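Chemist: Below is the structure I would like to discuss, written out as structure tokens.
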């Protein structure tokens, strides 16, 4: 006989495998007949119950006495079906004999439990599927059982069921290796991590035992959680030391006697409030950790009760401006002490820290540097404070600026100082610079053509009382034939000084009338061509996000007003004059982006004094020509961008003629004067920014510009003259030897007018070559 566990008191099970099958069948029939003869009164019918209902409420009836010795399992199953009024289905793989007897009458429920125990000893079990009871091998029971329970186990005995345990505190995966040895080898246990549950298939009585084990292990972790704020030390620095000492000073946590599960203590950092979050397994361990933290959280040597004083010398940033930024960053409110509290909270220090009292008039932590006003000013006003006003140290808040040494004086606990120092180190970095090459190109072309004939004729004699004059006259003043004739009539001297058209070819025919000469014919032919090619290349360097300006030109006076003061017999004229810059102005504010692009706010102006004043403004002062561009653009490092330009083409056609006569073909030219003017203007503005991030880039660009201007000086040397004896103009001394120059160190400015110029613009813009590769520019 095989048994996996103890059998109830009145039950003894046995198995005989040596008898012949025929003998077993005969014996089974005799035992079945004897069992039926011992059956008492019939029991009421048993109705189907819920699958989770206990067996005690399902099998009711009169007690029976069992007496099966080496009986066939299938025959005993039919007998139990008659006793329990419940059909049993025997799996074909279930073969063998069973011994089942009792010395005293048993209730149907107890008889059923004895039957299950005997089957379990033989490696079989009973599963309930849809109200039917099937006797199957134990190894297949987990695949056919239909009884599934959640929570408490409602059945007892040797019936296989599936139970789902939902855990509240413990991890399901951690319990699988603990419970696996307690489950029958043919049954299963699985964990569901998503719902933190265990699914176990086993005998009902074993599941009841496992449920008690799970209930004992699924408990909350022991120990309290406490937050310990720090006054002086930094939580991030103190946490590793406290954690190591709390665990016994070793990498493996030391067990605590009496603690549930010997759980180690946990120490975590809360940087916002500069606190330690501690979880200990016992109150005693929590008290020891609290005492340890109190001993370690002490001020540094020489520190006052209100905090330490720290001096930070800046390398690149401006102390006055940086102090303003830090105060504004740690100023949540507008009160004088709010800045200190905000800094402590935001910087990871003690949130209750208050800056020490000031000996001077109290100010807001973001008051203007150099101001002694009790009300202070806003952060926006500080950014526009002149340098002269920021020359004296600021007096507001717990962050002071000393412009003389360009340093910051911080009064704060060490945790607050460390947070501030981290911000200062990130802001006090070398700012990149931008070298900006610009080129302003203006090309003008003027063409003028004039052709006209003027004539005069006098009919009569010199002694006649009346004479008749005929002719044509085009133009004004003495530039026409009539004006010249009037001067000729004044005498030969006046004729010699007569003002004729000064440009072009002039042909005149003078006739003598009496004692005077008159100009009888004047023919004029003129064609003029004028061109202008102006190239300006202003360059400048500025810091990132700082405005730079360059002005190249003249300071021209303009009359803005005039008056005369009169006294007795005298008058004193007086004029007011305002001087303005006339020339080329370039104002740029670059901003380097994180992706390497450069955003530029650009204002460019080209102005000049007009050669001739406009009509009616001769007495109002000079007239200026002005061309300006104001824009915001984005360009990649080293790339060329065109800001804008002007392409202007003007055409003027003037005709002066005698009506009707001037329209006669060919002969009409004697009675008209033609004038044509065409003017073209091309104006373009180009920019190329180059980022200089370190000293090497700055030195490379500076040396390149130095070598370029030195080369221009050498090319402009005058020829040798032994007679005069003064030869050679001053030149810049060389900074580096020629052997130290690399192949890429050839100075090539943006607007170099000698080939091969990267951006050379010829007189005719239509034939301009494409822009050269900006990679050849100095970087």
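The values are calculated or read from the model by the stated rules, or taken from the named source; none is laboratory data. Since we're looking at a predicted model, the values are computed, not measured. Using ideal geometry, Cβ is built from the backbone for each residue, glycine included, and neighbour counts are taken over all protein chains shown.
Chemist: Evaluate the following for residue 659: is it modelled with pLDDT of 80 or more and over 48 Å from the mean Cα position of the chain (by Cα)? Walk me through how you get there before you give the answer.
Modeler: On the way: modelled with pLDDT of 80 or more: yes; over 48 Å from the mean Cα position of the chain (by Cα): yes.
When the stated conditions are applied, residue 659 passes them.
Chemist: Out of the residues in the range 137-172 meeting the condition of being assigned to a strand (DSSP E or B) and at pLDDT 80 or above, tell me which one is farthest from residue 117 (Cα to Cα).
Modeler: Taking the range 137-172 as the starting set, the residues that turn out to be assigned to a strand (DSSP E or B) are 137, 148-150, 160-166.
Still in the running and at pLDDT 80 or above: 137, 161-166.
Values: 137: 14, 161: 15, 162: 19, 163: 20, 164: 24, 165: 26, 166: 29 Å.
Selected residue: 166.
Chemist: Those residues that are at pLDDT 90 or above and in a helix (DSSP H, G or I), I need them from the range 312-336; list them, please.
Modeler: 319, 320, 321, 322, 323, 324, 325, 326
Chemist: Applying the selection to the range 75-113, what residues are under 14 Å from residue 159 (Cα atoms) and out of contact with any helix residue (DSSP H, G or I) (no Cβ under 8 Å at 6 or more places or on another chain)?
Modeler: Scanning the range 75-113 gives a single hit, 110.
Chemist: Can you tell which of 670, 683, 687 is in a strand (DSSP E or B) and more than 31 Å from the chain's Cα centre (by Cα)?
Modeler: After ruling out the rest, the residue left standing is 683.
Chemist: Also, I was wondering about something else. Restricting the range 232-263 to residues that are in contact with a helix residue (DSSP H, G or I) (Cβ under 7 Å, 6 or more places away or on another chain) and at pLDDT below 55, which is surrounded by the fewest Cβ atoms within 10 Å (Cβ to Cβ)?
Modeler: Ranking the candidates gives 255 first.
Chemist: Could you go through the range 420-427 and let me know if any residue there is assigned to a strand (DSSP E or B), at pLDDT 50 or above and outside the structural domain of residue 274 (by TED's automatic domain parsing).
Modeler: No, the range 420-427 has no match at all.
Chemist: A further question follows. Quick check on the range 594-615: of everything there that is modelled with pLDDT of 80 or more and surrounded by fewer than 11 Cβ atoms within 10 Å (Cβ to Cβ), which residue is nearest to residue 644 (Cα to Cα)? Quick ask: steps written out before the conclusion?
Modeler: So the first thing to find is which residues in the range 594-615 are modelled with pLDDT of 80 or more, and the list is 594-610.
Restricting the remaining residues to those that are surrounded by fewer than 11 Cβ atoms within 10 Å (Cβ to Cβ) gives 594-596.
On the way: 594: 27, 595: 25, 596: 23 Å.
Checking each candidate, the answer is 596.
Chemist: Moving on to the next point. Restricting the range 196-225 to residues that are loosely packed, with under 15 Cβ neighbours inside 10 Å and touching a strand residue (DSSP E or B) at 6+ places or on another chain (Cβ under 7 Å), which is farthest from residue 160 (Cα to Cα)?
Modeler: Only one residue fits best here, namely 225.
Chemist: Tell me which residues, restricted to the range 114-123, are more than 16 Å from residue 78 (Cα to Cα) and either in contact with a helix residue (DSSP H, G or I) (Cβ under 6 Å, 6 or more places away or on another chain) or modelled with pLDDT of 80 or more (or both).
Modeler: Our first condition is that a residue be more than 16 Å from residue 78 (Cα to Cα); within the range 114-123, this holds for 117, 120-123.
Result: 117, 122, 123.
Chemist: Moving on to the next point. State whether one or more residues within the range 103-121 are in contact with a strand residue (DSSP E or B) (Cβ under 7 Å, 6 or more places away or on another chain), within 23 Å of residue 206 (Cβ to Cβ) and either part of a loop (DSSP other than H, G, I, E, B) or outside the structural domain of residue 188 (by TED's automatic domain parsing) (or both).
Modeler: no
Condition check ((1) surrounded by 14 or more Cβ atoms within 10 Å (Cβ to Cβ); (2) modelled with pLDDT of 80 or more) across all residues:
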| position | (1), (2) |
| --- | --- |
| 678 | yes, yes |
| 704 | yes, yes |
| 726 | no, no |
| 732 | no, yes |
| 740 | no, no |
| 772 | yes, no |
